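Below: one structure, written as structure tokens.
Where a number appears in this text, it was derived from the coordinates with a stated rule and is not lab data. What you see is a predicted model; the values in this text were computed from it and never measured. Using ideal geometry, Cβ is built from the backbone for each residue, glycine included, and neighbour counts are taken over all protein chains shown.
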């Protein structure tokens, strides 16, 4: 479609005005024809786009639903390429059913812990609605942070039960957490029974989700953080320190006890072994003595008058030995005039 | 002429589509629709699907979401039955239960929420006022009554909203229980004291336990030592007894035995590095006095 610009075929004998009119009419009709054709092209493209708009992909982690005139038709669509009637007949919705989602529920302080010029400033009070916390069964305050992991298990329920299922899940979780906290003492919730606390919360969330029928399956409930308020954290830390000190003292005492007992065991063994030595020695020396006596008795002269000589002999023998062994010997001879000292030995 | 036919068909299709739009409507799976004829309610359509209607202005539609919507109450101080000041926030899930009544009484979701909020506030405070604090927090799980409290709130709210606004209530859940600002400072004071007490108890326990262990160790030591000594005594006694048997031979000549033992003892006493002082009367040093048998005078 080209516009004839050279004016070929126009009668040169006609009046110039008439000629001009004809040229104008011709170009107008050409222009109209052109626009009409462009319009047709656009319409064809729109029609094709409209029909192909029904083609959609359900991704690997998704499930699809087709609504025909607003009503759910057919079964859940598997991952892959699908086609539905275009708007307004059909509407297709895909949902990430295989993905695990997480929603965070925080009962943490919002405004009381401020960092002012590098220094942490703590207000003495908590502001309701800003600083979030749970009350424990014994009336104390704890902060905690949770993550609830879930999947969409029932796409139809997810679609039809609530305007905002995630918000409902959050409400259920918050409710379960304050319920859980309200039955434990602060020490249980913070330290001694944390897992039981978490399990109670999880059970409550699972039940709440089932009752509300929002189409979620709870994969897990994680207690990310649980801690006492910053305002009293020092006091809590001092309890931990006192507890450590207690076990340190007990351990020290145990070590002392072990060393005392093992030392005394050694001492006891020594005492016993000394006694055993004594026993052996006593017996052996008795044996030797009795042997010696028996030998002497063999030589012992039966008559009493010879006894003194015999005894003297033994006596002098032994005294001699004894005196020879000592370092210094002083022998004193006494008479009426005075005494004489014989000093035998190395002297002073 | 062919061009004209195409144009006519196109125009026809467009006309049909427009007409279709004017005389039909869909109810989506999560909706309910009230159809009015000249402003008067003609039908309530709760099932999803395609429906016909007269074009505007004869018939018009009001669509309502049929899903549960969440409404959060504001933070407010309330008193429990035993006079404790609590701040309880709750969320309420509501839905349009009777679309006709809803349309007549409130009309829009925004208006509905405004009404719900005030109804909720009244009954929330009333219900909380009927329960003591230990129904909310208690270390004894038996006394906790969240289910009952929430159910009471739900029933009271639902009774009024169903009747007046056609609003159904799905659930009421307490979302947060807080204390007034000034009370938190007192709670902190109490918590601090309690912690100090516990720390003190741990310290005392450590001291006591350690002392006990030490005392036990010492008594164990004494016991072991006493037992060892008794054992030693027994062994030594055994030795003595066995030795005595050997000494039986001494009985044959008691005098000699005693004499020998005396000598033995003497030899044992006089070890090296001692000085002994002897008298010349003692043999063999009597020799120093003179030869025996010789008269000095």
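Things worth noting here:
- Per residue, the average separation of C-alpha pairs within less than 8 Å and at least 6 apart gives chain A a relative contact order of 10 percent.
- Helix B:2-23 vs. chain B, principal-axis angle (Cα, 0 to 90°, nearest 10): 60
- Span from the the range A:204-238 Cα centroid across to the the range A:69-113 one, whole angstrom: 25
- Each stretch of four or more DSSP H residues adds -39500 (n - 2.57); spread over every residue of chain B, this sum gives -18000 deg cm²/dmol at 222 nm.
- Equivalent ellipsoid dimensions for the range A:143-203 as semi-axes, Å, which come from the Cα gyration tensor, largest first: 29, 11, 8
- Computed over the range B:93-187, the P(r) tail beyond 21 angstrom holds 42 percent of alpha carbon pairs.
- Pairs of alpha carbons in the range A:246-296 whose separation is greater than 19 Å (percent): 58
- Relative exposure of A:29, A:53, judged by other C-beta atoms within 10 Å (fewest first): A:29, A:53
- Per residue, the convex hull around the alpha carbon atoms of the range A:195-321 comes to 286 Å³.
- Histogram of C-alpha separations across the range B:19-132, 5 Å bin width, %: 2, 10, 17, 16, 13, 10, 9, 7, 6, 4, 3, 2, 0, 0
- Ordered by the number of other Cβ atoms lying within 10 Å of each residue's own Cβ, fewest first, A:136, B:95 fall into the sequence B:95, A:136.
- Viscosity 1.306 mPa s, temperature 10 °C, Stokes-Einstein D of chain A from Kirkwood C-alpha radius, µm²/s: 46
- Put simply, the C-alpha atoms of the range A:126-178 give a gyration tensor, and the ellipsoid matching it has half-axes of 29, 12, 9 Å, longest first.
- Ascending count of other beta-carbon atoms within 10 Å, so fewest first, for B:106, A:194: A:194, B:106
- Mean ellipticity per residue at 222 nm, deg cm²/dmol - from DSSP H runs of n ≥ 4 across chain A, formula -39500 (n - 2.57): -17000 deg cm²/dmol
- Sequence-separation-based contact order of the range A:183-320, relative, with Cα cut under 8 Å and 6+ spacing, percent: 11
- Percent of C-alpha pairs per 10 Å bin, chain B, short to long: 5, 13, 12, 10, 8, 7, 6, 5, 5, 5, 5, 5, 5, 4, 3, 2, 1, 1, 0, 0
- Using the alpha-carbon positions of the range B:11-84, Rg (one decimal) and Dmax (whole number) come out as 21.0, 77 Å.
- The range A:164-186-the range B:91-138 distance, computed between alpha-carbon centres (Å): 20
- Largest-first principal axis extents of the Cα set of the range A:30-89 (Å): 54, 25, 10
- Residue list for the range B:31-57, given a label point 7 angstrom along the Cα-to-Cβ vector of residue A:156 and an amide N cut-off under 16 Å: B:31, B:47-49
- In this structure, residue A:277 and residue A:317 have a Cβ-Cβ separation that, at R0 = 35 Å, corresponds to a calculated FRET efficiency of about 0.70.
- Each listed q (0.12 Å⁻¹) maps to a log10 I(q)/I(0) for the protein assembly as shown, found by the Debye formula over equal Cα scatterers with no solvent: -1.28.
- Taken over the range A:220-281, the alpha-carbon convex hull comes to 92 cubic angstrom per residue.
- Overall dimensions of the range B:130-273 as given by Cα atoms, namely Rg and Dmax in Å: 43.8, 133
- Helix B:181-246 vs. chain B, principal-axis angle (Cα, 0 to 90°, nearest 10): 30
- When chain A is treated as a Gaussian network with alpha carbon springs shorter than 10 Å, the biggest mean-square fluctuation among A:38, A:226, A:250 belongs to A:38.
- Compactness of the range A:69-191 as Cα Rg over 2.2 N^0.38 Å, two decimals: 1.59
- Helix axis angle, B:254-269 relative to chain B longest principal axis, alpha carbon, degrees: 60
- Over the range B:43-107 - Rg/Rh using Cα atoms and the Kirkwood inverse-distance radius: 1.25
- Relative contact order, percent, chain B [alpha-carbon distance under 8 Å, six or more residues apart]: 13
- Percent antiparallel among DSSP beta bridges (both partners in the protein assembly as shown, rounded to 5): 95
- Applying 1/(1 + (r/R0)^6) with R0 = 30 Å to the Cβ-Cβ distance of residue B:111 and residue B:79 gives a FRET efficiency near 0.50.
- Taking 0.36 nm per residue of separation and subtracting the current Cα-Cα distance, fully stretching the chain between residue A:26 and residue A:60 would add 6.3 nm.
- In this simple spin-label approximation, residue B:269 and residue A:340 carry label points 7 Å from Cα along the Cα→Cβ vector, and these lie 2.7 nm apart.
- Percentage, to the nearest whole number, of Cα pairs in the range B:193-264 over 18 Å apart: 70
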